[in-house]
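In what follows, a structure is listed as structure tokens, so that the remarks can point back to it.
Nothing in this text is a laboratory measurement; each read-out follows from the coordinates by a stated rule. Computed from a prediction, not measured in an experiment: that's the story for all the values here. All Cβ positions, glycine included, derive from the backbone under ideal geometry; neighbour counts span all protein chains shown.
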Amino acid sequence: MRQKKKVLILLGSPREDGNSTRLAFAFADAASRKGHAVQSIRLSALHIAPCNGCRQCWKKASEPCVLRDDMDPVYPLLRAADVLVFATPLHFYTWSSPLKTLTDRLFCLDPQFKRNLKGKTSVLLATAADQRSAAFAGLRATYRLVADYMGWKRLGEVLATGVEAEGDIARAGRALAKADALGAKLS
Ligand SMILES: Cc1cc2nc3c(=O)[nH]c(=O)nc-3n(C[C@H](O)[C@H](O)[C@H](O)COP(=O)(O)O)c2cc1C
């Protein structure tokens, strides 16, 4: 096997055992089987303030973010990770608020700075009640634009439709199998 990778899973669901979390764990199990080190963070359990746009991080290179909250321990994990996995329910056609808040806080790790998140691999795993795959258009575009802007390679996406109640994901076609296959793709 090639070098073991650090995989950081960002769980965006407010549910303890949500559909997107189950997708994430299918990905995680496969990545672990390949020998990679997987860690997940339940974002809804953290207190992360929205970026206030103060731009202090743009002025002082020594200060990544002046806000002191639960992002403090997350920044080192983000920087150490080789693979960032965004696992989210579709909430009003985009990713959930905790993921939006977290991505805004990446303002201080803009690719123009010496401290940045360039070169990482990223993954999108998402679930939606809507039966139409077009419902994911906004989320897919957001994820791809963010990943490309941040300088992340996109490993893949699993977007499961028709998934509403907790546990529905188990009956959602091949979504769990696809998440497993994506995790196994990590070399
Ligand atoms: C606040 C909120 C907004 C939602 N917005 C959408 C939506 O725009 N489109 C959709 O298809 N489903 C929407 N849903 C349904 C969830 O995406 C769906 O139930 C998903 O499978 C939940 O994933 P989870 O169990 O990981 O939280 C919404 C649910 C909530 C609670």
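Of the residues examined, residue 29 is not one that is surrounded by 14 or more Cβ atoms within 10 Å (Cβ to Cβ), more than 22 Å from residue 160 (Cα to Cα) and away from the ligand (no atom under 16 Å from the Cβ).
For (1) within 17 Å of residue 12 (Cβ to Cβ); (2) away from the ligand (no atom under 16 Å from the Cβ); (3) part of a loop (DSSP other than H, G, I, E, B); (4) not basic (Lys, Arg), each residue gets a yes or a no:
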{"site": "124", "(1), (2), (3), (4)": "yes, no, no, yes"}
{"site": "131", "(1), (2), (3), (4)": "no, no, yes, yes"}
{"site": "139", "(1), (2), (3), (4)": "yes, no, no, yes"}
{"site": "142", "(1), (2), (3), (4)": "yes, no, no, yes"}
{"site": "149", "(1), (2), (3), (4)": "no, yes, no, yes"}
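Of all residues in region 160-171, those satisfying the criterion of being surrounded by fewer than 20 Cβ atoms within 10 Å (Cβ to Cβ), in contact (Cβ under 8 Å) with a residue 12 or more places away in the chain and either away from the ligand (no atom under 12 Å from the Cβ) or of a type outside the set (Val, Ile, Thr) (or both) are 162, 164, 166, 167, 168, 170.
Being more than 14 Å from the chain's Cα centre (by Cα) and closer than 26 Å to residue 169 by Cβ, is that true of even one residue in region 111-126?
No, region 111-126 has no match at all.
Restricting 84, 90 to residues that are buried (at least 17 other Cβ atoms within 10 Å of the Cβ), within 16 Å of the ligand (Cβ to nearest atom) and closer than 30 Å to residue 162 by Cβ narrows the list to 90. Of all residues in region 98-135, those satisfying the criterion of being hydroxyl-bearing (Ser, Thr, Tyr) and either buried (at least 22 other Cβ atoms within 10 Å of the Cβ) or in contact (Cβ under 8 Å) with a residue 60 or more places away in the chain (or both) are 121, 122, 127.
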